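S.K.: The structure's right below; bear with me while I get my questions together.
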Amino acid sequence: MVTPTLTIDTSLAENINALKGKHLCGLVLTGGFSRRMGTDKSLLTYNGKPQREYLFDILRGFCGLVFTSCRSDQQVPAALNPLQDRFHVPGPLNGILSAFARKPDSGWLIVAVDMPFVTAETLNHLISNRDENKMATCFFNPETRQPEPLLTLWEVHAFPALLKFADRGNLSPREFLKTHPVKMIDPPDTKALVNFNYPDDLQRLQKD
């Protein structure tokens, strides 16, 4: 059985205690097929434990409840609170919608499992800059000049707008952030926005 733990510095812990809960749930997105990587990305170890556990542990420090988004055919331990996709929508939008369907009265802090450089400090910065009057609070990537949808705090009132968005055939959470009222902030470290998709990405990390 997985026993989640979280180790953070004292000053950050004090801020987390002030922010924790506040109608906020956490979600680790693991429902992709990892075809480009050739192996399940959620089980890769970058930080001393499988990535899905690492991110789950961090989210527990900020959120009242944390879940692991997954497909119906995935094996996810009960300790990681699997939340199966329930919409006929491809891609990560399914996980986001399924999260809101599970708890529509909560905001959702969502992190993709293939982002190995996300830390407690990253999430603390995002939550500290939260604007509950917007659809979401997200990081703006200065390198790509695009918002990052899979490391984002989505607000309650985004759910009906996301449903309408998907019903019109739109599947890109990034496009949603670009066309709806959201708050975009600079990340404390742009490295946190890096995601790993290919075996070469792992080889570069091992060389660094």
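S.K.: What pairs from Lys41/Lys178; Lys41/Lys134; Lys49/Lys183; Lys49/Lys134; Lys103/Lys191 go past 29 Å between their alpha carbons?
M.R.: Details: Lys41/Lys178 27 Å; Lys41/Lys134 31 Å; Lys49/Lys183 32 Å; Lys49/Lys134 35 Å; Lys103/Lys191 31 Å.
Those over the limit are Lys41/Lys134; Lys49/Lys183; Lys49/Lys134; Lys103/Lys191.
S.K.: By how many nm would the segment from Arg60 to Thr190 grow when fully extended, if each residue of separation counts as 0.36 nm and the alpha-carbon distance is taken off?
M.R.: Here the segment from Arg60 to Thr190 would lengthen by 44.5 nm.
S.K.: Quick one: which residues, 5+ away or cross-chain, put their amide H under 5 Å from the amide H of Ala136? H built at 1.01 Å from N.
M.R.: Glu155, Lys183
S.K.: How about the range 44-95: which trypsin sites (Lys or Arg not before Pro) there lie in a loop by DSSP and see at most 15 other Cβ atoms within 10 Å? The partial results should precede the final answer.
M.R.: Working: sites: Arg52, Arg60, Arg71, Arg86; in loops: Arg71, Arg86.
For trypsin sites (Lys or Arg not before Pro) across the range 44-95 that sit outside H, G, I, E and B with at most 15 neighbouring Cβ atoms in 10 Å, the list reads Arg71, Arg86.
S.K.: Counting other Cβ atoms within 10 Å, which chymotrypsin sites (Phe, Trp or Tyr not before Pro) in the range 78-108 have at most 15 and lie in a DSSP loop?
M.R.: On the way: sites: Phe87, Phe100, Trp108; in loops: Phe87.
When the chymotrypsin sites (Phe, Trp or Tyr not before Pro) of the range 78-108 are filtered for loop state and at most 15 Cβ neighbours within 10 Å, Phe87 remain.
S.K.: Taking the Cβ-Cβ separation of Gln74 and Arg174 as r and a Förster radius of 30 Å, what is the calculated FRET efficiency to the nearest 0.05? Display every interim value, and only then the final one.
M.R.: Values: r = 24 Å, r/R0 = 0.80.
Computed FRET efficiency for Gln74 and Arg174 comes out at 0.80.
The numbers here are math on the coordinates, done by the rules we state, and not lab data. As the structure is a prediction and not an experimental result, all values here were calculated from the model. Counting neighbours? That spans all protein chains shown, and the Cβs are built from the backbone with ideal geometry, glycine included.
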